[in-house]
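To start, the structure under review is shown below, and the notes come after it.
The values are calculated or read from the model by the stated rules, or taken from the named source; none is laboratory data. What you see is a predicted model; the values in this text were computed from it and never measured. Counting neighbours? That spans all protein chains shown, and the Cβs are built from the backbone with ideal geometry, glycine included. Heavy atoms of the whole protein, side chains included, go into the accessibility calculation; ligands, DNA and RNA do not. Shrake-Rupley method; radii C 1.70, N 1.55, O 1.52, S 1.80 Å.
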Amino acid sequence: MGVPGIAMNTGRMIPAISFGTGTSFFNRPDAVASHIQAAWDAGFTSYDTATIYGTEQGLGSGLKTLKVERKELFITTKTPDWSWDKESIEKSVRQSLEKLQLDYLDLVLIHTPAPRYDTMRRLGQLTEDEIKQLPDNMDAKVMDNARLQAWIGLQHCVQLGLVKDIGVSNYTVSHLQNLLKHEEVTIVPAVNQVEYNPYLVDRVIFDYCKEHKILVQAFAPLGHGKTLLEDKTMKKIAQKYNKTAAQIALRWAWQLGITTVTKTEKAERMKENLDYFDFNLTNEEMEEISSLNKNERRFGDPARFP
């Protein structure tokens, strides 16, 4: 059975799970390229990357070797922390298309609600002078305008046919409210990709997105390290269904209507991560898993940006 999908607010379908090329794949394009065939063979049709990951080129090379029709794939990328106006957004999307060797992207997300200076310093992507030219990430008025201009840029990319759907990542309710209040916003984000798992159950963003028909997509759906996967409740439920704790976490997200992005370099784990569509968690089990919430973040809290 193929991976099922869920409809976004545009009517287009997004697969339940995507193969991620971030974290340990960072700046290892050749490693990404060498894993795409195994991911495809396991059943992945959706692939997630980002400009700052340094993996778009590797993903593009890997996809090329698959020799499958473009319509069989769902490709997502994210704009870089240094693109905050219409022109630079279009430029970054065109650069992503070139690296990925594609004519269009299925989904492009604004990666962050504000430029992450420390991330750019750590990855050596911008000089100090270039960072100083970016919008002030602690100035609410400046960032509200920057997010609007970036969004106008993505809307323009849709009009140009470069992108099918557009969305955001790491946006809080406040970020979304401030974006949607502008009359220039003619397309509601299709997706908000956020950190979400049984140890980080953000009902506020979940409920807001559901109300506004914005699909929540979870990165880090298996939590941080092995803590969640060793949880007694997760293991107990996994045992009942003869599944792994990871499969229970992915099934929980799917039954909530949340799509996921997982990352692994092991072929057997790729197959395992797709084997959760043949059983149903009960309402009681869903609640039991949700009650494990510890507000435990592996990545930075996006609420730090006004």
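Listed by chain and number, the lysines whose C-alpha is less than 16 Å from the C-alpha of Lys91, apart from same-chain residues fewer than 8 away, are Lys78, Lys99. Taking 0.36 nm per residue of separation and subtracting the current Cα-Cα distance, fully stretching the chain between Ala267 and Thr186 would add 25.0 nm. Each pair of Cα atoms in the stretch 15-98 enters the Kirkwood radius, and Stokes-Einstein at 4 °C and 1.567 mPa s then converts it into a translational diffusion coefficient of 99 µm²/s.
Solvent-accessible area per residue in the chain equals 45 Å², computed with a 1.4 angstrom probe and all protein chains kept. Could you check which residue among Gly62, Gly161, Gly43 shows the biggest mean-square fluctuation in a GNM of the chain with a 10 Å Cα cutoff? Greatest mean-square fluctuation among the candidates belongs to Gly161.
3J(HN,Hα) along the stretch 23-28, derived from phi through the Karplus expression 6.51 cos²θ - 1.76 cosθ + 1.60 where θ = phi - 60°, amounts to 6, 5, 7, 2, 6, 10 Hz, with x in place of Gly and Pro.
The separation of the stretch 248-294 from the stretch 186-236, counted between C-alpha centres, amounts to 11 Å.
Determine the order of Lys213, Lys78 by accessible area, beginning with the largest, at a probe radius of 1.4 Å.
Details: Lys213 145, Lys78 0 Å².
Largest accessible area first, the list is Lys213, Lys78.
Treating each Cα of the chain as an identical point scatterer and summing with the Debye formula, the log10 of I(q)/I(0) at q = 0.07, 0.09, 0.13, 0.16 Å⁻¹ comes to -0.25, -0.42, -0.92, -1.41. The H on the amide N of Phe74, modeled in the peptide plane, is under 5 Å from the matching H of Ser46, Tyr47, each at least 5 residues off or on a different chain. Calculated mean residue ellipticity at 222 nm for the chain: -12000 deg cm²/dmol, from DSSP H runs with n ≥ 4 weighted as -39500 (n - 2.57), summed, divided by the residue count and rounded to 500. A cut-off of 5 Å between modelled amide H atoms, ignoring neighbours fewer than 5 places along the same chain, links His111 with Thr79. Computed 3J(HN,Hα) for the stretch 128-140, one whole-Hz value per residue from the Karplus formula 6.51 cos²θ - 1.76 cosθ + 1.60 where θ = phi - 60°, is 4, 5, 5, 4, 5, 7, 6, x, 6, 6, 10, 9, 4, glycine and proline marked x.
Using a Förster distance of 35 Å, how high is the FRET efficiency between Lys232 and Val173, based on the Cβ-Cβ distance and rounded to 0.05? Working from the Cβ atoms, E equals 0.60.
Against the chain, whose longest principal axis comes from its Cα atoms, helix 86-100 is set at around 50 degrees. Highest mean first, the peptides 90-96, 111-117, 16-22 sorted by other C-beta atoms within 10 Å per residue fall in the order 16-22, 111-117, 90-96. For the chain, the longest principal axis of the C-alpha atoms and the axis of helix 29-42 are separated by about 40°.
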